[in-house]
Every structure is written in C-alpha cells, then in structure tokens.
Amino acid sequence: MLTISELTKQFGPKTAVDNISFHVEKPAMIGIIGRSGAGKSTVLRMLNCLSDATSGSIRFNSQEITELSRNHRRAWQSQCAMIFQQFNLVPRMDVVSNVLHGTLNSRSTLATVFNLFPKRDIHRAIDILDRLGIAEHATKRADALSGGQQQRVAIARALMQDPQIILADEPIASLDPMNAQIVMDALRRIHEEDGRMVIANLHTLDTARRYCDRVIGMRDGRIVFDGTPDQLTTGVARDIYGAGADFSEAATSTQIETLDRTGPKETVPA
C-alpha cells in the first residue's frame, strides 16, 4: 500500500532524513516519535509533497509520489490530507467555510475566488462537524473556538477531502490533556470506522502506546525503532530519546515533552 524506500532529505550540508525505509501493508494508525529535529515533520512533508525528497522513493499502491508533476501533486494532496500543530485555519472565516476549504484542490479557480460551494458539500461539512461534536459551532468564526475545537475543525477539513491517508503533524502538541485526548480519540475513531491510514507525529510514549497500532522511532534522521506499542520498552525509549534519558517504562507526557524539547538532561516528575 505505502512503501518508503531509502528516503533522504538534505538541507544544504544537514541531513534531516537519512535513508529511511518502511512499508505499510494495510490502513493502520502509525505514530512517529522522537526528539525535536529527529526528522519526523520532514517525513510527513515529503509524504504530502510539501517538500521534495533529495533521494529515495515514496510509493502508494502503484503510484510513485516523488515523481509527480505539479498538477498531479494537487490530486495526491487530496488523497493524503495534512493536519498541522497550529491548525492552519482562516481565523476570521466561519467554521463551516474553513471545513469546505478541504475541497479546494478539486474545485475550479472561479468557484474558489467567489467562495461558491454546492449545497451537498455544505451539508456534508456540517455532518462531519457533527460527527466530531462541534456542529453547533459551524457559524462561528474559527478564532472564537478553543484550541481543541480548532483542531477538530482542521480534522473535519481533512475529512472533506475524503483522503486515503491522514497525516497529523504533532496534532496535540499545543493542547491541554483533555483536548489532546478528544483529538486523539477522534483520529483513532476515524481510522477504525473509515478504514483510513493515519500517520501522526507524537511527542509522548504514552500517547503512542495508547492509540497506535505501530510506532516508528526516529533519532537524528534515522529510524531506530519500528514495532508494536508493546515493544516500546524503556530501553527502546532510551535509544530514541538518548542514552541519558531517565524515565520509567510508563513515561509521562511531561517527561517526554521535556526530553523532546530540551534533550535528555533530567527527569521531570509527573
């Protein structure tokens, strides 16, 4: 289904992603974990064609993604939706219009300029918002919502594309624990109910263990772990976050956030 082969991304002399390979046979929920600068976001940006690979291959079914032309990239981005940490909504636009913008890649330029949407798309957008528990906010400006609600609007916008893959780049990094759980529950439910592949960059071991079928650990641009949540032991975590990391097997979010942002210098209590 999805095959990454010897994928590399260089920014000048710096190698952000270093010759990584993995294969996904069927839709799954996959977490990519690692410290800041490990290459997690760069992998997702290459998958979504927001950044070109320096070398290597990304193949989805029979399609070679790294060789797509500009026009074909837009079609691929409709099938491979992206959710960002900072939501990337239009703050002054109402919620339902933000969701409808998920159809832009499949609409004409004229319709886009004049913000013209078919009634069936409007009804579908509201249905998706209802599924995510925020239909009552459809007419509000996006910037009037909480961070967790805005992230659910971003998820709804992605679902408007009817994608086969959803890429979530640190989708809960800026959210409080309650909203983080709501967002992760929504992504897991979308995977299970819709049969969509979800690939999420995550900061924390406990989130990866709780929600993901498979976890990929990255360090310095390389994959250092690829396995099930049950295999994500303390020793493996130290391989991912650094040999100096000092945390228990049931590592807390606070501990891993600190390791991810500052390096493995000290243990922070829960």
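The values are calculated or read from the model by the stated rules, or taken from the named source; none is laboratory data. Note that the structure is predicted; figures quoted are calculated from it, not measured. Cβ: placed from backbone, ideal geometry, glycine included. Neighbour counts: every protein chain shown. The area values use the complete protein model at the heavy-atom level, side chains included, leaving out ligands, DNA and RNA. Shrake-Rupley method; radii C 1.70, N 1.55, O 1.52, S 1.80 Å.
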Might you let me know whether the stretch 232-240 holds any residue that is of a type in the set (A, V, I, L, M), under 17 Å from PHE22 (Cβ atoms), within 15 Å of the chain's Cα centre (by Cα) and surrounded by 23 or more Cβ atoms within 10 Å (Cβ to Cβ)? no
Among the residues that make up the stretch 150-165, is at least one of them at positive phi, open to solvent by less than 30 Å² (accessible area, probe 1.4 Å) and either out of contact with any Leu (no Cβ under 8 Å at 6 or more places or on another chain) or without any contact (Cβ under 8 Å) to a residue 24 or more places away in the chain (or both)? no
Selection from the stretch 1-10 of residues modelled with pLDDT of 95 or more and either open to solvent by 30 Å² or more (accessible area, probe 1.4 Å) or under 19 Å from THR228 (Cα atoms) (or both) yields LEU2, THR3, ILE4, SER5, GLU6, GLN10
Let me spell it out: the conditions are (1) touching a Phe, Trp or Tyr at 6+ places or on another chain (Cβ under 9 Å); (2) modelled with pLDDT under 50, and THR262 meets all of them except one. Which number is the exception? (1)
What number of residues within the stretch 30-71 are open to solvent by 10 Å² or more (accessible area, probe 1.4 Å), in a helix (DSSP H, G or I) and touching a helix residue (DSSP H, G or I) at 6+ places or on another chain (Cβ under 9 Å)? 1
For the subset of the stretch 88-110 comprising residues that are in a helix (DSSP H, G or I) and open to solvent by 20 Å² or more (accessible area, probe 1.4 Å), which member is modelled with the highest pLDDT? VAL96
Among the residues of the stretch 72-87, count how many are surrounded by 14 or more Cβ atoms within 10 Å (Cβ to Cβ) and not in a helix (DSSP H, G or I). 7
